[in-house]
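J.: Dropping a structure here in structure tokens format, bear with me for questions.
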Amino acid sequence: AKAEAKGRWRRYRPDLDTSSVERIQMRAELEQALPGGRFELDYQPIVRLSDMVTVGFEALLRWNHPVRGRLMPGSFIDIAEDTGVIVAIGNWALATAAATAASWPATADGRPPYVSVNVSARQFRTAGFAAHVEHTLAETELPADRLLLEITETLLLRDDEQVWHDLAELRRLGVRVAIDDFGTGYSALNYLRHTALDVLKLDRVFTSSITTSRHQADLVAGIVSLAHKMDLDAVAEGVESPEELDLLRRAGCQYGQGYLFARPMSTRRTHQWLTGTISA
Ligand code: C2E
Ligand code: CA
Ligand code: CA
Ligand code: CA
């Protein structure tokens, strides 16, 4: 009966069949992409809202697919997670981003910006992750305090001893840790009390809603104030308009990232950006 139901379902929904074939094909292609040198990182500036100085860059993965062209992570990250190849890709991204960051010149602050790297839960949970990060920093000669690792709530929800242990170990090295997409997941505020976190990245939904009502603006101000009380810096994601910037400043948010300041850019352009040869 199950086979029959499946057969019927297939006959009536050929579109779903196609997409699963595509996923299977993409799994195979993803395995080849890393040895084939098909991944690239773009970097998006993170600015201090008071004076617009670029304090950091977030490294964002792109896949130069031989047929489909340049793919954004939204179209392949979940498949890479499923197969586990995200671990190798993530380690490549970490090493590449650290090497790039080590070559950045100082800004108006007198020091070079930090690099912020996305780490998937699966990658973080691999044995010896903290030691791997330490090794990468040594290899690339990037000072630990210029690396920020972005993790998501899902990693912290299980309240796994090993995870807290590794976070403490990274902390000891001087690496900073950000909680990414804050406010989109389960928002179990409980984990914020852990002192192993340094930065709270406020999801784009808050930034885009801040202009819609006084209530929304108050909500953002509340989250920012909570972050500061917990000794976390707050970075607003997806800042697209001057109105959003203005309201974020009023809400006490100190840092931002978004198309208003700059889109993600190539390594070469980060150098031009930092030396003032280009602007937004
Ligand atoms: P994310 O970590 O939330 O990264 C921010 C996303 O917002 C990026 O999308 C960025 O291009 C986009 N963005 C930045 N400013 C604006 C804006 O003003 N408006 C709008 N609408 N969007 C903006 P992107 O590059 O497509 O990356 C999507 C997601 O893929 C990331 O979301 C992150 O979760 C994941 N990702 C990217 N690189 C890596 C990586 O190396 N490893 C892992 N595990 N995940 C990655
Ligand atoms: Ca991120
Ligand atoms: Ca985010
Ligand atoms: Ca995200």
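J.: Look at the stretch 142-190 and say how many of its residues are closer than 20 Å to residue 116 by Cα and within 16 Å of ligand 3 (Cβ to nearest atom).
T.: Number of matching residues: 18.
J.: Given the structure, is residue 270 outside any strand (DSSP E or B) and surrounded by fewer than 19 Cβ atoms within 10 Å (Cβ to Cβ)?
T.: No: the conditions fail for residue 270.
J.: Please give the number of the condition residue 75 fails out of (1) under 29 Å from residue 272 (Cβ atoms); (2) within 14 Å of ligand 4 (Cβ to nearest atom); (3) buried (at least 18 other Cβ atoms within 10 Å of the Cβ).
T.: Only one criterion is unmet by residue 75, namely (3).
J.: Consider the stretch 165-198. How many of its residues are more than 12 Å from ligand 1 (Cβ to nearest atom), in contact with a Leu (Cβ under 6 Å, 6 or more places away or on another chain) and touching a residue at least 40 places away in the same chain (Cβ under 8 Å)?
T.: Looking only at that region, the number is 2.
J.: Being surrounded by 14 or more Cβ atoms within 10 Å (Cβ to Cβ) and within 28 Å of residue 62 (Cα to Cα) narrows it down to one of 138, 144, so name that one.
T.: Among 138, 144, only 144 is surrounded by 14 or more Cβ atoms within 10 Å (Cβ to Cβ) and within 28 Å of residue 62 (Cα to Cα).
J.: Mind checking whether some residue in the stretch 245-256 is at pLDDT below 95 and outside any loop (DSSP other than H, G, I, E, B)?
T.: Within the stretch 245-256 (the criterion being at pLDDT below 95 and outside any loop (DSSP other than H, G, I, E, B)), the answer is no, since none of the residues qualifies.
J.: Please count how many residues of the stretch 185-227 are open to solvent by 40 Å² or more (accessible area, probe 1.4 Å) and charged (D, E, K, R).
T.: Adding up the residues that qualify gives 4.
J.: Scan the stretch 27-86 residue by residue and report those that are more than 16 Å from ligand 3 (Cβ to nearest atom), within 30 Å of residue 245 (Cα to Cα), in contact with a Leu (Cβ under 8 Å, 6 or more places away or on another chain) and not in a strand (DSSP E or B).
T.: Hit for the stretch 27-86 is 49, nothing else.
J.: Could you tell me which numbered condition residue 232 fails, if it satisfies all but one of (1) within 16 Å of ligand 2 (Cβ to nearest atom); (2) aliphatic (A, V, I, L, M); (3) open to solvent by 80 Å² or more (accessible area, probe 1.4 Å)?
T.: (3)
J.: Quick check: anything in the stretch 198-220 at positive phi, polar (S, T, N, Q) and out of contact with any Ser or Thr (no Cβ under 8 Å at 6 or more places or on another chain)?
T.: So far as the stretch 198-220 goes, no, none of its residues is at positive phi, polar (S, T, N, Q) and out of contact with any Ser or Thr (no Cβ under 8 Å at 6 or more places or on another chain).
J.: Within the stretch 107-118, take every residue that is of a type in the set (Ser, Thr, Tyr) and assigned to a strand (DSSP E or B) and give me the one that is farthest from ligand 3 (Cβ to nearest atom).
T.: The extreme case among them is 114.
J.: Can I ask one more? Are any residues in the stretch 238-254 under 24 Å from residue 195 (Cα atoms) and free of Cβ contacts under 8 Å to residues at least 40 places away in the same chain, and if so, which ones?
T.: Answer for the stretch 238-254, where residues must be under 24 Å from residue 195 (Cα atoms) and free of Cβ contacts under 8 Å to residues at least 40 places away in the same chain: just 252.
J.: Could you list, in sequence order, the residues of the stretch 92-106 that are open to solvent by 20 Å² or more (accessible area, probe 1.4 Å), in a helix (DSSP H, G or I) and out of contact with any Ser or Thr (no Cβ under 8 Å at 6 or more places or on another chain)?
T.: 92, 96
J.: Let me ask something additional. Quick check on the stretch 107-121: of everything there that is farther than 14 Å from residue 150 by Cβ and at pLDDT 95 or above, which residue is surrounded by the most Cβ atoms within 10 Å (Cβ to Cβ)?
T.: Applying the filter and picking the extreme gives 113.
J.: I've got another one for you. Looking at the stretch 158-184 only, could you name the residues that are within 16 Å of ligand 4 (Cβ to nearest atom), closer than 18 Å to residue 230 by Cβ and open to solvent by 40 Å² or more (accessible area, probe 1.4 Å)?
T.: 181
J.: So, one more: Take the stretch 33-52 and flag every residue that is open to solvent by 20 Å² or more (accessible area, probe 1.4 Å) and among the aliphatic types (A, V, I, L, M).
T.: 34, 52
Yes or no, residue by residue, for (1) of a type in the set (S, T, N, Q); (2) more than 15 Å from the chain's Cα centre (by Cα); (3) farther than 17 Å from residue 237 by Cβ:
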position	(1), (2), (3)
136	yes, yes, yes
139	no, yes, yes
151	no, no, no
178	no, no, no
190	yes, yes, yes
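J.: Testing residue 126 on (1) under 23 Å from residue 239 (Cα atoms); (2) surrounded by 12 or more Cβ atoms within 10 Å (Cβ to Cβ), one condition comes back false. Which one is that?
T.: Checking residue 126 against (1) under 23 Å from residue 239 (Cα atoms); (2) surrounded by 12 or more Cβ atoms within 10 Å (Cβ to Cβ), the one that fails is (1).
The values are calculated or read from the model by the stated rules, or taken from the named source; none is laboratory data. Keep in mind that what you see is a predicted model, and the values were worked out from it rather than measured. Counting neighbours? That spans all protein chains shown, and the Cβs are built from the backbone with ideal geometry, glycine included. Protein only, heavy atoms only, side chains kept; ligands, DNA and RNA dropped before computing areas. Shrake-Rupley method; radii C 1.70, N 1.55, O 1.52, S 1.80 Å.
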